[in-house]
1. Answer yes or no: is there a residue in the stretch 458-471 that is within 14 Å of the ligand (Cβ to nearest atom) and in a strand (DSSP E or B).
2. How about the stretch 1-118: which helices (runs of 4 or more DSSP H) wholly inside it have at least 1 residues that are of a type in the set (Asp, Glu)?
3. Out of Ala438, Ala427, Ala431, report the one residue that is of a type in the set (A, V, I, L, M), farther than 16 Å from Ile552 by Cα, at pLDDT 95 or above and out of contact with any His (no Cβ under 7 Å at 6 or more places or on another chain).
4. Show me the strands (runs of 3 or more DSSP E) found entirely inside the stretch 481-587 where at least 2 residues are within 11 Å of the ligand (Cβ to nearest atom) and in contact (Cβ under 8 Å) with a residue 12 or more places away in the chain.
5. Where in the stretch 253-351 are there strands (runs of 3 or more DSSP E), lying fully within it, with 2 or more residues that are over 24 Å from the mean Cα position of the chain (by Cα) and touching a residue at least 12 places away in the same chain (Cβ under 8 Å)?
6. Restricting attention to the stretch 40-50, does a residue exist that is open to solvent by less than 90 Å² (accessible area, probe 1.4 Å) and over 25 Å from Val162 (Cα atoms)?
7. Is it the case, given these coordinates, that Ala427 is away from the ligand (no atom under 16 Å from the Cβ) and open to solvent by less than 40 Å² (accessible area, probe 1.4 Å)?
8. All but one of (1) closer than 25 Å to His492 by Cα; (2) assigned by TED's automatic domain parsing to the domain that holds Arg541 hold for Leu401; state the number of the condition that does not hold.
Amino acid sequence: MMKHRDLILLALPLSVLALVLVAVALLFAQFRSFERAYLADAQSTLAERTRFIADVLAPDLAAGDAASVRRRVAFFAGHPLRVTVVDAKGEVLADSDAKAAELPNHADRPEILEAGKDEDFVTRYSVTMDAWLLYYATRLPGGWVVRASLPSEVISGAISHVRLTVLLALLAGAALAVGLFLYLFLRVRPTFNALQGAAVAIARGHLDTPIAVPEAGPLRELAKAIAVMGRQLRNRIDELRRERDDFDTLFNTLREPLLLIAHNGEILRSNRAAAKLLGPAVQQRGFRIERTACPELVAYVRGAFDAPVLHGREIPFDDGSSAPRALLAHAVRMEREGSLCLLLLLTDLTDLRRLESFRSDFVANVSHEIKTPLTAILSTVETLTETPLDDAGRATCFGILTRQARRLNDLVQDILSLAAIERRQGAGDQAFAPLSLAQSAQDAIALCQDEAARRGVALSLLPDPLPDLTVKGDPRLIEQALVNLLANAIRHSGSPTVTLTLAQEGANATLTVADQGHGIPEEHLPRLFERFYRVHQDRSRENGGTGLGLAIVKHIALLHHGAVDVRSTVGQGSAFTLTLPLAFPPA
Ligand code: ADP
């Protein structure tokens, strides 16, 4: 079957052919009337000439000068016009092309019979001339008839010349149509087909399709334009692809969940953080915000489509899978492909809120810790200034003042050292020098010896000899951690003996402070390392603790990439273990 584009190509030669045919048909239609007009023109010329000749011959005929008549008629010998003079009886007097004497009687010739009647012409075969002739005869007074004839080839020659011209025009037109057809089908069509195929391939996304640009011809410019278009399209698509990749990277590396939501609630796009928060289902096609387990978030999104002014809103988020979170939802309205969408940014405020509550708890605790010694100091100073006291009374007052001032000082010192350790933790990796744990342990024992002796507690350091363990750390802080643990055991456990044991466990060193005291009930153990957490509030204060000792130990352990742990049994005692990574772990 012929293709549509072939029909288009065929249209040009076909229309040329059709035009030629129409022109020829019109010419042929005109031809008959042309023929008639030409014949009529030839007839009237013949009639005029015959009458003219008759006028010229009339005087000679009237005078009976046959010789003059013959001489004048002979003038037409060899001329296409044949002139014959016939008398009233039909005898030929003179003839331009034949000898009159040899000619038969012409009385029966149709043109002679008709002569002088209407202007009638006769075309008939002349036996004398052996040709088809057009005759005209005119009658003169005395019965003379002057007849002139013209060979019909003269007329038909002119007519057939016109016919030949028309035929040649037809042939030229047909040749032009065939030439056009051959040119279009043999030269243009293959290039056109190749171009069309390449353009279709580019349109289908095969942007690397090569375009063959012809050396010359009508399709050269078109091929060049398609090639440039293809190249520009490829560059533009590459550029868009790069931009999309950059955007995807940016979108997915964003730590905040980000969602693009359609007006019907469908989540059109979401980043990795959003999938982590709301579950991987949000990235499925057709997932709607209504399916998230957070009615407050759904209500915010619904409202954000219509609200005149958009504000961020804090939303409690609890999907049951992890701890409840606090999210700050912030929506921005935008248009996408002509419809309204919402870009929703969720910021996790959980840590911030926790920090805030932690800070306010800490401030409240510190205030509370300060209040008690401060009240004691104020009331003692009041007693000293307003009440007359004896020496013993004053000594008691000064004793109270000294104890409370020391307590305040201890508290401030502990708060400051905790803040300093936290600052160093926040500053990132510390470049610590190697230190000997045996040395730190011996120094800590020495520092606690006095208080232990005062309270009747025997301190011991195990094993003997001490293993040579090296860790990287701040010797002052390691010593402080050990002193805090030893001081707690001396002050709070009620045990007569406290031991500090140094050991190696794999790549770590362990320092365990153990007592055989009354132990700590299990329910307190998870919170023991929190700031200001005490098992027995008043008893611990009386024992001189600030409530920050174990929190400081924990932060020192974390600063050194270590840990602190407690095991305790009520009635049997406790063991606090500080674990630190060895500076030179065994291979
Ligand atoms: P404090 O300054 O009160 O000692 P810590 O943070 O050092 O604060 O200790 C927290 C609480 O843990 C103490 O108040 C005490 O009740 C309890 N505690 C610590 N060590 C021991 C121990 N060895 N035996 C019994 N209780 C202890």
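The values are calculated or read from the model by the stated rules, or taken from the named source; none is laboratory data. Quick caveat: nothing in here was measured; it's all calculated off a predicted structure. Reconstructed Cβ throughout: ideal geometry from the backbone, glycine too, with neighbour counts over all protein chains shown. Calculation scope for accessible area: heavy atoms of the full protein, side chains included, ligands and nucleic acids excluded. Shrake-Rupley method; radii C 1.70, N 1.55, O 1.52, S 1.80 Å.
1. Pass one, the stretch 458-471, residues within 14 Å of the ligand (Cβ to nearest atom): 459.
Now drop any that are not in a strand (DSSP E or B), which leaves 459.
Yes, the conditions are met somewhere in the stretch 458-471.
2. Details: elements: 4-63, 66-74, 110-114.
Counting at least 1 such residues, we get 4-63, 110-114.
3. Ala438
4. Once the strands (runs of 3 or more DSSP E) in the stretch 481-587 are filtered for at least 2 residues that are within 11 Å of the ligand (Cβ to nearest atom) and in contact (Cβ under 8 Å) with a residue 12 or more places away in the chain, what remains is 508-515, 563-569, 573-581.
5. 313-317, 325-336, 339-348
6. Yes, that holds for at least one residue.
7. no
8. Of the numbered conditions (1) closer than 25 Å to His492 by Cα; (2) assigned by TED's automatic domain parsing to the domain that holds Arg541, the odd one out for Leu401 is (2).
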